[in-house]
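Structure record follows, encoded as structure tokens.
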Amino acid sequence: MTGCEEPDRTVFSPKGEAGEGSLDVIMLSIYIMTFVVAVVLAIFIYVLIRYRQKPGDNSIPKQVEGSMKLEMLWTVIPIILLAILAVPTLTHTFSLAEEAPKDEDPLRVKVTAHQYWWEFEYPDLGIKTAQQLHIPTDEKVYLELTSDDVIHAFWVPELAGKQDLNPGSTNKMWIDADEPGTYEGRCAELCGAGHALMNFQVVAQEKEDFDKWVEKRKNPSSEPKTAEQKAGKEVFTQNCMSCHAIDGTQMKTKGEKAPNLTGFAERNKIAGLLENNDENLEKWMKHPEQVKPGTYMPSFDFLSDEDMDNLKAYLQSLE
Amino acid sequence: MATLVTIIVFILFLSAILTGGYNKELMDRFRSHWLWDWITTVDHKKIGIMYGIGGGFFFILGGIEALLIRTQLFYPNNDFIVGRAFNELLTMHGTTMIFFVAMPLLFALMNMIVPLQIGARDVAFPFLNAMGLWFFIAGGILMNLSWLFGNAPDAGWTNYVPIAANEYSAGTGIDYYVLGLQISGFGTLMSGINFLATIINMRTEGMSFLRMPLFTWTSFISSALILFGFPPLTAGLFLIMFERLFGANFFDVAAGGNPIIWEHLFWIFGHPEVYIVVLPAFGIMSEVISTFSKKRLFGYTSMVFATILIGFLGFMVWAHHMFTVGMGPVANSIFAIATMTIAVPTGIKVFNWLFTMWGGKIRFTTAMLYAVGFIPTFVMGGVTGVMLSTPPGDYQYHDSYFVVAHFHYVLIGGTVFGILAGFYYWWPKIFGYKLNEKLGKWNFWLFFIGFHLTFLIQHFIGLFGMPRRVFTYQPEDGLTLINQISTVGAYMMAVATILFVVNVIYSYRHRVPVGNDPWDGRTLEWSIPSPAPFYNFAQLPKVRALDAFWHEKMKGNKEMEPAEPLGPIHMPSNNHLPIVIVLGFFISGLGFVFRSNEVGALGLIFAFLMMFVRSFEKDHGYHVETDEVEKVEKGVKA
């Protein structure tokens, strides 16, 4: 049964400093609150057992007005508990809002959310990609988040808490990862029909692997090599080019409306969602609305089987 | 053409009403029907009952929506209800439950009980009271018509722009939300003002502020919150209405607008709204716990001031719903600390309830079971509230199932448990017979266990990375089993709700009349007959202490000492204008939804015309003569 699988992206197993900052506060608040609940439950259970009306006992209990001492006690103790909680809360609130240092040259990524996909641009490196965010490990990456249409929220539970992406303004946050791996991300603000499936991945790599990836993205292999791929590129320019861009090859226009497909073959997922294989690629291109309701990707079920195969061959050759 | 026909029909209708040129015989037949009596009533008890029926109806509707949501989430990648349809369901579920269930059901209890508790014969503005009821019903119907005519609103109950703008929510769905809430909001505001005026002005002799029962106190503070909390919502809804219907650009970034304005306006209303619906529940719990422990409420004065403090602080914390919006660490910190402070007065209340039971003689009636079940449940909702108040924690919890779990603990564990306790407790006062206790206990246990099964686990669903408002999750997410447990719990709650309906019917069929005071009550409402006569008090009582009726009983008196001699009682007369005025607003709302501004304007003109007619009415009510009062009182006693 699938239900027996372990949850794969819990906030309890952070893989970075930002996630740990949130978890510190979460755990402290859980400890304090467990104490509060325990005290209340202890009194509660005692009272319910001890002071039940016994059959036949119709006496009137003493009418107590209150007790200054007790009332002071349960006013002062919560204040102290809250003060204990407030200190790390404030320090972490400020540390999580830390901005990119001016004197150094940190890695910056501009994140733009669209209904229902993610665009990642590395302004200092001149790279644009989509759906899959690559970051080096053990380094703070500073994100500048904005939206192209409605409000979205960027959430990678294992790396950091959320930040909204608002149209017309830019929010900032930083993330980092201790260990290499692929971390699942979700859109966390209701953004329309496809909200539930606006998934993305963060791929954390060792510094040298990341640098290799950057080099590859700067010099992508986007030219078709086989006859099949050449025909596929032909299909692409006729059908896909006005929305999707592919860098490193000659195209008449450069689509900006949809995810940049440079290096598509290296992505783990299609549309941030389906495992990247030929079967899913065809499913997505033929019936995108069935895969992701509300998507702006039109259906390409009118392509002949041959065109479809060629197109798939071309896309899967992009590295 | 359609507009022309509408105008002609409308003018004919209007002239018929104004000239009296309608069929007199038909009108007489209408007037003698029992339904006419209910439609035109200004009696606070009848209005309360109608609020209850309306709220109950919408509770079933909202519950069905919740079941559909939980059914869709039963296994990953289910395709039962996806995409926009799912967003419509979650939007309508939230909006219905808050505005058309929690609020009206509380208004039901406030209407039925507050005048009785303060020793009044009616509310301060009975006409306004009736209007408030019809506004609620009109708003609820208008909003739910969206299911029948096209599409329902789909931007969440928070209705954030831009997804609520025309560009991203095509069709008229959001218009139903905007106009439905606007119309029901008018009613809420009127009722709020009405209860403020009633509680300030209509208390009987000796009923000083610090002798008021806690339910009256919490209703009072809640009404004050309505007075200050609803205008920001009204303003925000007008902005969205103008944006959607008349092309204004308050929120459109491309035209220089800012969508964050709506978030602020909504939450300046939205946070106090939480206290509007939970404070009266606190009041009910205080009454029930005190009565069934046979003890005076522990720390009454601190309870009152805690209520006032919660109400006040409730306005200072709205931005904690917006920690992730990007307000910066300074604003986030200020709102975090402000939010934490609310835990202190709330904690005071919890301990006061516990110590009210301490040393008492606890009787576990169904009402008391709900009150007792409420304490740990609400404490859970409270502590997760404190957890949510920390921004670094909130970055993780925000818009995840953790938040869903939190506010259901507060809204069901607080408000719904409170409402159910209130119904079991005051049912005999309103209808003259008790609800069946055996069925009631089944109802409680099923509801209580079902509730915790559904929502306890949702804290973890959220912490394991599931955002809220999503129609599905992936098999590899590892969320399947916990979602299935949650769904099973939801169905248990559905069974419990059906059981409550069964109980209402069963108890009516097998009703056994009860006396004035079936629970050994403490407050004024238990000193008068059950069901309460239409004038409530034959003679207004004189209050000599907190828990006035208990005080008299302890002194050996069977009744309250009257503050006035038996005499003719002045009562307001029934009036059909409230429903007619509201009809005008309803037509107007429907007109604007269908983008027919002529019909929209005509509806408004009609409503204002009817208000004008009302201003010249020379009806000052009527008197119930002394001998008739005596006859009723004797009839009740016999």
For this session: With only alpha-carbon atoms counted, please give the Rg and Dmax of the protein assembly as shown, in Å.
Result: 30.9, 106
For this session: Would you list the P(r) distribution for the range A:94-144, with all Cα-Cα distances sorted into 10 Å bins from 0 and each bin expressed as a whole %?
Result: 22, 52, 24, 2
Problem set entry | Selected from A:A83, A:P61, A:L107, residue furthest toward positive end of dipole (the range A:55-114; charges at beta carbon) | A:P61
For this session: Give the peptides B:454-467, B:537-550 in descending order of average Cβ contacts within 10 Å, highest first.
Result: B:454-467, B:537-550
Exercise. Based on the Kirkwood radius over alpha-carbon pairs, what is the Stokes-Einstein translational diffusion coefficient of chain B at 37 °C with 0.692 mPa s viscosity, in µm²/s?
Worked result: 127 µm²/s
Problem set entry | Between 0 and 90°, nearest 10: helix A:17-50 axis offset from chain A longest Cα axis | 30 degrees
Exercise. Under the definition of partner shielding as Cβ atoms of other protein chains within 10 Å of a residue Cβ, what is the mean value for peptide A:9-18?
Worked result: 3
Seminar exercise, completed: Connecting every pair of Cα atoms under 10 Å apart in chain A and solving the GNM, the largest mean-square fluctuation among A:K172, A:K110, A:K283 falls on A:K283
Seminar exercise, completed: tail above 19 Å in the computed P(r) of the range A:227-315, as % of all Cα-Cα pairs, reads 35 percent
Seminar exercise, completed: Each label sits 7 Å from Cα toward the beta-carbon; between B:R544 and B:R509 the label points are separated, in nm, by 4.7 nm
Problem set entry | Rg to Rh quotient for the range A:41-176, alpha carbon positions, Kirkwood Rh | 1.34
For this session: Arrange the peptides B:36-47, B:378-389 so that the one whose residues have, on average, the most other Cβ atoms within 10 Å appears first.
Result: B:378-389, B:36-47
Problem set entry | Members of the range A:58-80 that become less accessible by 20 Å² or more once partner protein chains are added (1.4 angstrom probe, chain alone as reference) | A:S59, A:I60, A:P61, A:Q63, A:V64, A:E65, A:L70, A:E71, A:W74, A:T75, A:P78
For this session: For chain B, give the magnitude of the charge dipole about the Cα centre (Cβ charges: +1 Lys/Arg, -1 Asp/Glu; no others), in debye to the nearest 20.
Result: 1700 debye
Problem set entry | Over the range A:1-60: Kirkwood hydrodynamic radius from C-alpha pairwise inverse distances, Å | 15.8 Å
For this session: Using only the alpha carbon atoms of the range A:136-250, find the Kirkwood hydrodynamic radius as the inverse mean reciprocal pair distance, in angstroms to one decimal.
Result: 16.8 Å
Exercise. Of the heavy-atom accessible surface of the protein assembly as shown (probe 1.4 angstrom), what whole percent is carbon and sulfur?
Worked result: 64 percent
Problem set entry | A:F200 long-range amide H proximity, modeled H, under 5 Å | A:G185, A:R186
Problem set entry | Extension gain from A:Q290 to A:S13, taking 0.36 nm per residue of separation minus the Cα-Cα distance | 96.4 nm
Problem set entry | Estimated D of the range B:264-338 in µm² per second, where Rh is the Kirkwood radius over Cα pairs and Stokes-Einstein applies at 20 °C, 1.002 mPa s | 151 µm²/s
For this session: Calculate the mean, over all residues of peptide B:75-88, of how many other protein chain Cβ atoms lie within 10 angstrom of the residue's Cβ.
Result: 3
For this session: Treat each spin label as a single point 7 Å out from the Cα along the C-beta direction, and report the B:T6 to B:A170 distance in nm.
Result: 2.4 nm
Seminar exercise, completed: Extend 7 Å from the Cα of A:K254 along its Cα-to-C-beta direction; within the range A:232-246, residues with backbone N under 15 Å of that point are A:241-246
For this session: State log₁₀ I(q)/I(0) for chain A at q = 0.09, 0.11 Å⁻¹ as given by the Debye formula over alpha-carbon point scatterers of equal weight, solvent excluded.
Result: -0.59, -0.78
For this session: Round to a whole angstrom and tell me the spacing of the C-alpha centers of the range B:422-473 and the range A:164-185.
Result: 38 Å
For this session: With r as the distance between the Cβ atoms of A:D148 and A:I45 and R0 = 45 Å, compute the FRET efficiency 1/(1 + (r/R0)^6) and round to 0.05.
Result: 0.25
For this session: Obtain the nm distance between the two label points defined at B:E476 and A:I30 by a simple spin-label model: each point lies 7 Å from its Cα along the Cα-to-C-beta direction.
Result: 2.6 nm
Exercise. Going by average Cβ neighbours within 10 Å, how do the peptides A:271-282, B:415-426 rank, with the highest at the top?
Worked result: B:415-426, A:271-282
Problem set entry | Heavy-atom accessible area ranking, 1.4 Å probe, most first, across B:D399, B:D252 | B:D252, B:D399
Exercise. For B:H264, B:H510, what's the largest-to-smallest order of accessible area, 1.4 Å probe?
Worked result: B:H510, B:H264
Exercise. How well do other chains shield peptide B:469-478, expressed as the mean number of their Cβ atoms within 10 Å of each residue Cβ?
Worked result: 6
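The values are calculated or read from the model by the stated rules, or taken from the named source; none is laboratory data. Since we're looking at a predicted model, the values are computed, not measured. Quick reminder, even Gly has a Cβ in these numbers, built from the backbone with ideal geometry, and neighbours come from all protein chains shown. What goes into the accessible areas is simple: the full protein's heavy atoms, side chains included, and nothing from ligands, DNA or RNA. Shrake-Rupley method; radii C 1.70, N 1.55, O 1.52, S 1.80 Å.
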